[in-house]
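Participant: Have a look at this one.
Every read-out reported here was derived from the displayed coordinates using simple, explicitly stated rules and does not represent laboratory data. All values derive from a computational prediction rather than experimental measurement. Cβ placement follows ideal geometry from the backbone for every residue including glycine, while neighbour counts extend to all protein chains displayed.
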């Protein structure tokens with residue numbers, strides 16, 4: 001039926017291209033109008049065939065894949081035939097992909113430049129290790145700090161090296177290392193004490209901590225036949241190796257006499273230094289009296 005039409009005069013069905021009705025003989029269409037219609041159709045077809053390349057669908061997809069912002073612009077500008085929802089979805093998807101790609105490229109650039117900077121700034125300074133055995137312990141600490149070496153100083157028991165003396169270093173003298181490297185340095189604690197010595201030390205520290213006794217009073221208590229009954233050498237080891245603040249002990253005793261027995265400062269002083277009392281030194285007793293009212 002598409003290639004047929006009806007005559008406007010007699011109503012008969014005739015060929016679509018007919019200018020004169022073969023039934024009634026009447027002229028249906030002017031030849032000039034027919035030619036103008038053909039010309040218009042040809043112009044439309046020619047116009048469509050000569051549309052610019054960037055208006056083509058294939059070019060839009062190429063741009064969306066390789067440079068999304070341009071592809072999105074062309075999609076909205078030159079392709080009204082696409083549904084709006086489709087355009088919105090494509091815009092979101094390709095915009096996100098574009099942002100991810102750009103961010104990834106930026107990170108790689110930053111990493112490359114960062115690695116170069118890190119390499120340049122982390123060039124380590126060489127340091128020649130010295131012989132620590134000929135240095136005082138404080139001098140060793142100074143050398144390590146000045147040369148930015150991580151020195152770990154420890155103390156260990158030694159049957160052959162006297163207490164406080166140098167034992168070993170993990171990196172030999174004249175060895176080249178770098179700033180930030182580590183060296184382990186060991187000093188001697190002397191011979192490892194026997195169980196008797198260790199027990200005496202623990203008792204001595206307990207008396208100092210809980211009863212605030214003086215050094216001489218603790219020694220007497222350790223060796224007393226009515227006290228701990230340790231041998232003299234074990235008691236002396238405890239006194240030599242214990243950690244105590246004798247001034248603080250004297251002050252604690254002085255405050256105890258002042259608060260519980262209400263004694264005068266003079267009487268407290270005498271009690272602190274008495275051979276039959278606390279047996280603190282005169283210096284320790286005087287420190288206690290001077291700070292009694294603090």
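Participant: Considering only 241, 184, 85, give the residue with the highest GNM mean-square fluctuation for the chain, with springs between Cα atoms whenever their separation is below 10 Å.
Facilitator: 85
Participant: Tell me, what are the semi-axes, in whole angstrom and largest first, of the equivalent ellipsoid of the range 200-264 as set by the roots of 5 times the Cα gyration tensor eigenvalues?
Facilitator: On the way: eigenvalues 116, 32, 13 Å².
Semi-axis lengths for the range 200-264 are 24, 13, 8 Å.
Participant: Taking the Cα-to-Cβ direction at residue 260 and at residue 142 and moving 7 Å from each Cα, how far apart do the two end points lie in nm?
Facilitator: Going from the residue 260 label point to the residue 142 one covers 4.8 nm.
Participant: Any chance you could get the radius of gyration and Dmax over the Cα atoms of the chain, in Å?
Facilitator: When restricted to Cα atoms, the chain yields Rg and Dmax of 52.4, 159 Å.
Participant: Then there is this: Just to be sure I understand: with springs between alpha-carbon atoms less than 10 Å apart, which residue in 203, 16, 152 has the highest mean-square fluctuation in the Gaussian network model of the chain?
Facilitator: Most flexible of the set in this elastic network: 16.
Participant: In a Gaussian network model over the chain where Cα atoms closer than 10 Å are linked, find which of 11, 172, 277 has the largest mean-square fluctuation.
Facilitator: So, out of 11, 172, 277, the one fluctuating most is 11.
Participant: Now, a different point. What is the distance in Å between the Cα centroid of the range 147-191 and that of the range 221-254?
Facilitator: 32
Participant: P(r) for the range 143-294, please, calculated from all Cα pair distances in 10 Å bins and given in %.
Facilitator: 11, 28, 22, 19, 14, 6, 1
Participant: Another question, then. Tell me the relative contact order for the range 195-290 as a rounded percent, counting alpha carbon contacts under 8 Å between residues six or more apart.
Facilitator: Details: 123 pairs, mean separation 28.0, N = 96.
For the range 195-290, the relative contact order is 29 percent.
Participant: Helix 84-121 against the longest principal axis of the chain: what's the angle in degrees, Cα atoms only, rounded to the nearest 10?
Facilitator: 40
Participant: Just want to confirm a number: the relative contact order over the chain, from Cα pairs under 8 angstrom separated by 6+ residues, in percent. Show your work: numbers first, answer last.
Facilitator: On the way: 330 pairs, mean separation 26.3, N = 294.
After rounding, I find 9 percent.
Participant: By its C-alpha gyration tensor, with a ≥ b ≥ c as the square roots of the eigenvalues, how is the range 192-231 shaped: rounded for a/c under 1.5, else prolate for a/b larger than b/c, else oblate? Provide the component values of the computation, followed by the final result.
Facilitator: Values: a/c = 2.23, a/b = 1.28, b/c = 1.74.
Verdict is oblate for the range 192-231.
Participant: What fraction of the DSSP beta bridges in the chain is antiparallel, stated in percent and rounded to the nearest 5?
Facilitator: Working: 10 of 17 bridges.
Once the DSSP bridges in the chain are tallied, antiparallel ones form about 60 percent.
Participant: Output the 0 to 90 degree angle, nearest 10, between the alpha-carbon long axis of helix 246-256 and the longest principal axis computed from the alpha carbons of the chain.
Facilitator: Value to nearest ten degrees: 80.
Participant: Suppose only helical runs count, i.e. DSSP H with n ≥ 4. What mean residue ellipticity at 222 nm does that imply for the chain under -39500 (n - 2.57) per run, divided by all residues and rounded to the nearest 500 deg cm²/dmol?
Facilitator: -17000 deg cm²/dmol
Participant: In addition: Expressed in whole Å with the largest first, what are the equivalent ellipsoid semi-axes of the range 65-105 derived from the C-alpha gyration tensor as the square root of 5 times each eigenvalue?
Facilitator: Working: eigenvalues 90, 22, 5 Å².
Semi-axes, largest first: 21, 10, 5 Å.
Participant: Angle, helix 31-49 long axis vs. longest principal axis of the chain, Cα atoms, 0 to 90°, nearest 10?
Facilitator: The answer is roughly 20 degrees.
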